[in-house]
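To start, the structure itself, in structure tokens.
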Amino acid sequence: MTIVFTDRLSHQDRLQPTSTLSLTAEERTQISLRGYSDQGLPIALKLARGTILQEGDWLRASTGELIQVLAKKESVLTITSLFPLALLQAAYHLGSRRIALEMTTTHLRILLDNRIRQLLEHRGLTITEDIAPFQPETHI
């Protein structure tokens, strides 16, 4: 039987998840989704319009079950530089191209894209190909 999750809860730090659901950045923007939990349980998401899930969010089914959302590892490019201004400029140019972008104080991260990789390398940035959770900035 498929468990249908309809409610997003605020972070429930004191709870221990009985199930987890690893989703890509794209999947975390979908309000309707069918699949399997990380433990192999059939699940469905039917969330309110505009819901964007983040790592650590909790979902509740009408039957009371809870599941915790995790960011699935994806093929990404991690962008670094010795010069903070160079990272800022890269973020500006990536944003103007509407590229999903994760920003931290030490690096930027985008989904693997060799065309963009070449553009960034041309700007003198250090690019590393990784498999890592991708948590881009979102409009909330």
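The values are calculated or read from the model by the stated rules, or taken from the named source; none is laboratory data. In this text the structure is predicted, and so the values were computed from the model without any measurement. Here the Cβ is made from the backbone with ideal geometry for all residues, glycine too, and neighbour counts use every protein chain on show.
Residues in segment 1-37 that are closer than 22 Å to Glu102 by Cβ and among the charged types (D, E, K, R): Arg8, Glu26, Glu27, Arg28.
Close contacts from segment 18-32, counting a first residue that is basic (Lys, Arg) and a second that is at pLDDT below 90, with Cβ to Cβ under 6 Å and a gap of 6+ residues or different chains, come to none at all.
Restricting attention to segment 77-98, report how many residues are of a type in the set (Gly, Ala, Ser), surrounded by 14 or more Cβ atoms within 10 Å (Cβ to Cβ) and under 17 Å from Pro136 (Cα atoms). Working first, answer last.
If we filter segment 77-98 for residues that are of a type in the set (Gly, Ala, Ser), which is where we start, we get 81, 86, 90-91, 95-96.
When the remaining residues are screened for being surrounded by 14 or more Cβ atoms within 10 Å (Cβ to Cβ), the result is 81, 86, 90-91.
Filter once more, so that each one left must be under 17 Å from Pro136 (Cα atoms): 90-91.
Selection size over segment 77-98: 2.
Residue-level check: of (1) surrounded by fewer than 16 Cβ atoms within 10 Å (Cβ to Cβ); (2) closer than 21 Å to Ala132 by Cα, Leu53 misses just (1).
May I ask you to list the residues in segment 100-140 that are among the β-branched types (Val, Ile, Thr), under 21 Å from Gln30 (Cβ atoms) and modelled with pLDDT under 95? Matches in segment 100-140: Thr138, Ile140.
So is Ile67 farther than 30 Å from Tyr36 by Cα and either modelled with pLDDT under 95 or touching a helix residue (DSSP H, G or I) at 6+ places or on another chain (Cβ under 8 Å) (or both) or not? Reasoning before the result, please.
Values: farther than 30 Å from Tyr36 by Cα: no; either modelled with pLDDT under 95 or touching a helix residue (DSSP H, G or I) at 6+ places or on another chain (Cβ under 8 Å) (or both): yes.
Criteria not met by Ile67.
Taken over segment 56-75, residues that are surrounded by fewer than 16 Cβ atoms within 10 Å (Cβ to Cβ) and of a type outside the set (S, T, N, Q) amount to 4.
Out of curiosity, is Leu111 crowded, with 16+ Cβ neighbours inside 10 Å and in contact (Cβ under 8 Å) with a residue 40 or more places away in the chain? Spelling it out, Leu111 is indeed crowded, with 16+ Cβ neighbours inside 10 Å and in contact (Cβ under 8 Å) with a residue 40 or more places away in the chain. Checking each residue in segment 89-113 for being basic (Lys, Arg) and under 14 Å from Pro133 (Cα atoms) picks out only Arg109. Taken over segment 52-107, the residue count meeting the criterion of being more than 17 Å from the chain's Cα centre (by Cα) and assigned by TED's automatic domain parsing to the domain that holds Gln39 is 7.
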